[in-house]
1. Quick check on this structure: which one of GLN122, GLN75 is of a type outside the set (Gly, Ala, Ser) and within 24 Å of ASP270 (Cβ to Cβ)?
2. What pairs can you find where one residue is in segment 273-288 and without any contact (Cβ under 8 Å) to a residue 60 or more places away in the chain and on the phi < 0 side of the Ramachandran plot, the other is small (Gly, Ala, Ser) and assigned to a helix (DSSP H, G or I), and their Cβ atoms are less than 9 Å apart, with a gap of 6+ or different chains?
3. Note down all Cβ pairs under 7 Å where the first residue falls in segment 35-49 and is touching a residue at least 40 places away in the same chain (Cβ under 8 Å), the second is part of a loop (DSSP other than H, G, I, E, B) and not basic (Lys, Arg), and they're at least six residues apart or on different chains.
4. Residues being touching a Ser or Thr at 6+ places or on another chain (Cβ under 9 Å) and either of a type in the set (A, V, I, L, M, F, W, C) or surrounded by fewer than 19 Cβ atoms within 10 Å (Cβ to Cβ) (or both): count how many of those fall in segment 270-283.
5. Condition test on GLU204, is it of a type in the set (Asp, Glu) and either exposed (fewer than 13 other Cβ atoms within 10 Å of the Cβ) or more than 22 Å from PRO84 (Cα to Cα) (or both)?
Amino acid sequence: MRLFGIPHHVIPVFRNAVWTFTQPGDGILIQTPDYHHFTGATVNTGRKVLENRLVADEKGHYTVDFDDFREKAKQAKLFFLCSPQNPTGRVWTEEELRRMGEICNGYGVMVVADEIHHDLIQPGYKHIVYASLGKEFADNCVICTSLSKTFNLAGLCYASIIIPNDEVRAKFQKQMGLQAFMHIERFGPVAHEAAYRHGAEWLEELIQVIKGNYEYVRDFFAQHFPGVVVTELEGTYLVWCDFRCFGMSDADMKVFLTDECMLYLDNGTDFGAAGSGYQRINVACPRKTLADALDRFYQAARKRGMAR
């Protein structure tokens, strides 16, 4: 594969892909709950969201509704693939990726894969780069990635675009030249090279910290709030929690968290209607910080008679 460009963030790449491969009014396939910048890049450019809602079982494990995916793909020109998936933390299997890719290839749908969390995979799971599935997949995709999540380098404004196919790359490059967002700071490349060369040991330790923090969150809710469903974390550092057992509206839950718990979590509705009743918790932090946050939640909930 060939590295095409180095933009300052992956988010502008989403818009550039929309401008390159679609026309106003075209449909764009998005799996929900979704990373909201996919929807933003769609509606803010006059395109139409085609929602493929992921299906959760009683344990909070999400899978693709492939019948619906196929129907939506028939109407789409582009598919935003989030791999690993944000906010659910799913790490797609090779079978799932191939099946989605074959459908997209069959209906002429360009795949734009956001793989920014690709390094943050839990033990027992494996991230598969979409373009590595085979030439027919590589020829119909744009891969977006960065070390901003892995090493907390977002402030250095440095990302990577990988476009294996020459024709697709040239088309993308032509549109990108019109947008002029390739400027990067000099410190970014140096920091990213250092992270790639010397960060492996640190990353291995980070994965264990995230694993331990996820388990801490899971066990906390199981003990004190057994009605909360905590989705198993396969990748990312973002834990997806089903809070619908509390019987609060999304607005009331937000007020409870901010005003009574003194916490700022990511509200599920930030990820579309499919996220209603959910909260996303960032566990890429010291255990002390996480423990303090959960204790605040417990104390506030106990005052309301919600805690066990």
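Values quoted throughout were computed directly from the atomic coordinates according to the rules given, and no laboratory measurement underlies them. The model shown is predicted, which means the values in this text are computed figures rather than measured ones. Because the Cβ atoms are built from the backbone with ideal geometry, glycine has one as well, and the counts that use them run over all protein chains shown.
1. On the way: GLN75 fails: within 24 Å of ASP270 (Cβ to Cβ).
So the residue among GLN122, GLN75 that is of a type outside the set (Gly, Ala, Ser) and within 24 Å of ASP270 (Cβ to Cβ) is GLN122.
2. As it stands, the answer is SER276/GLY268; GLN279/GLY268, since those pairs meet every condition given.
3. Listed pairs, sorted by first residue: TYR35/ASN86; THR39/GLY272.
4. Residues that pass the stated criteria total 4.
5. On the way: of a type in the set (Asp, Glu): yes; either exposed (fewer than 13 other Cβ atoms within 10 Å of the Cβ) or more than 22 Å from PRO84 (Cα to Cα) (or both): yes.
It is true that GLU204 is of a type in the set (Asp, Glu) and either exposed (fewer than 13 other Cβ atoms within 10 Å of the Cβ) or more than 22 Å from PRO84 (Cα to Cα) (or both).
For (1) outside any helix (DSSP H, G or I); (2) acidic (Asp, Glu); (3) without any contact (Cβ under 8 Å) to a residue 24 or more places away in the chain, each residue gets a yes or a no:
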residue: ALA170; (1), (2), (3): no, no, yes
residue: GLU204; (1), (2), (3): no, yes, yes
residue: VAL217; (1), (2), (3): no, no, no
residue: ALA222; (1), (2), (3): no, no, yes
residue: LEU233; (1), (2), (3): yes, no, no
residue: ALA251; (1), (2), (3): no, no, yes
residue: LYS254; (1), (2), (3): no, no, yes
